[in-house]
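For reference, the structure discussed in these notes is given below.
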Amino acid sequence: MELKDKEYIEYKGLPLVKDGDVIYYGYANAKYILRLDIIMKDPQGNPSMIFITICPTNDMTKVIKQSTKTGLYDALDLGAEWLQQLYKEDN
């Protein structure tokens, strides 16, 4: 399924797309994308442990950067910063 086929919200000007326990951040046609894997949830079902990965969009098996954070906001904030830095380096 392509990004344009799904509803999405934006964070800091880039789209967020959730697919099960995985959240993608960024454009599918950009050089890099952020992948957030929800690996643990609290008793209320909120994400509590997130695995953060920056990958090239043409090879999602290759890892550029990765980390683990507690809480969705902290994970997304760190990942968004990494992605912006990569975008700046490419220009």
Can you confirm whether the stretch 80-89 contains a residue that is exposed (fewer than 13 other Cβ atoms within 10 Å of the Cβ), part of a helix (DSSP H, G or I) and at pLDDT below 90? yes
Could you check ILE38 against (1) under 14 Å from the mean Cα position of the chain (by Cα); (2) touching a residue at least 40 places away in the same chain (Cβ under 8 Å) and say which number it fails? (2)
Odd one out for ILE23 among (1) closer than 16 Å to GLN85 by Cβ; (2) surrounded by 16 or more Cβ atoms within 10 Å (Cβ to Cβ); (3) touching a residue at least 40 places away in the same chain (Cβ under 8 Å): (1)
Can you confirm whether the stretch 49-60 contains a residue that is within 13 Å of the chain's Cα centre (by Cα), among the hydrophobic types (A, V, I, L, M, F, W, C) and in a loop (DSSP other than H, G, I, E, B)? yes
Taking the stretch 56-81 and keeping only residues that are touching a Leu at 6+ places or on another chain (Cβ under 8 Å) and of a type outside the set (Ser, Thr, Tyr), one is left with ILE64, LYS69, LEU72, ALA75, LEU76, GLY79, ALA80
Number of positions in the stretch 51-70 that are over 17 Å from PRO15 (Cα atoms) and touching a Ser or Thr at 6+ places or on another chain (Cβ under 7 Å): 4
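The values are calculated or read from the model by the stated rules, or taken from the named source; none is laboratory data. Predicted model only: the values in this text are computed from it and were never measured. No Cβ is skipped: glycine too gets one built from the backbone with ideal geometry, and neighbour counts run over all protein chains shown.
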